[in-house]
1. If every alpha-carbon in segment 164-203 counts as one equal scatterer, what log10 I(q)/I(0) does Debye give at q = 0.18, 0.21 1/Å?
2. Rg and Dmax of segment 35-148, Cα atoms, in Å?
3. What does the convex hull of the alpha-carbon atoms of segment 28-77 project to on average, in nm²?
4. Under 16 Å from the 7 Å Cα→Cβ point of residue 236, by amide nitrogen: which residues of segment 248-265?
5. So what is the calculated 222 nm ellipticity per residue for the chain, using -39500 (n - 2.57) for each DSSP H run with n of 4 or more, over all residues, to the nearest 500 deg cm²/dmol?
6. Normalised by the number of residues in segment 2-247, what is the relative contact order in percent for Cα pairs under 8 Å and 6+ residues apart?
7. What is the spin-label model distance, in nm, from residue 162 to residue 228 if the labels are put 7 Å beyond Cα along the C-beta direction?
8. Would any residue of segment 174-211 have its amide N under 19 Å from a label point 7 Å out along Cα→Cβ of residue 122? List them or say none.
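None of the figures in this text is laboratory data; all of them are computed from the coordinates on show. In this text, all values refer to a predicted model and were calculated from it rather than measured experimentally. So basically every Cβ, Gly included, is an ideal-geometry build from the backbone, and we count neighbours across all protein chains shown.
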């Protein structure tokens, strides 16, 4: 099974450049690339910060762009989003009974769970009691099956002094629940604008860089942003095997033949 993850689109006003990049153009190029190479994907998951400011026009522009995407998609909110505007623009995108933008997607390889970590008006994420109760139910219903969890905010410190205080609040509440059920195979998130992998509470996790500018890797606190190539993830799940490829979709490099050593193009 193939899943595509795109994160941190940060769609704003048309024609606006952010750190020198046009995010509308990046989204269009990303969609073109997915359509050309991954039309066989079961789903494309957008893990938050869909827009820069959560305004209605940005969601209208996002919906227009996603109308060209050839595979089904699910949307999750990030701290830059506004839940009411997201739901209004995408009423077909599932939500739970409490008005949170979270849902499940069952596949032969297991259950995908999409968790809403938005705390309106704050950069940090939260999982309120009702969201955790909902998650407890979804994990319980999937007992005996593999579960793959998607959300915007990282539930783990990553060694990044700028970003670690801006992750999920009280992450132990989530991790205790996941440990109790024991069926979550991997956690996928965005928010940190870097490709990072590791484990937390014995569960593998993967952070995706996304479409926006990248935070520079500096573990001593130098707060800089670099205009690195944007990327999306290709997640391959086959039984107990999970493989994640990061795709720098705008990069073009010379191609060489491994058979002859000659340049092909």
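1. -0.57, -0.77
2. Values for segment 35-148 (Cα only, Rg and Dmax): 14.6, 43 Å.
3. The orientation-averaged projected area of the Cα hull of segment 28-77 comes to 3.4 nm².
4. 248
5. -6500 deg cm²/dmol
6. 19
7. Taking the simple label geometry, residue 162 and residue 228 are separated by 1.1 nm.
8. 174-177, 190-192
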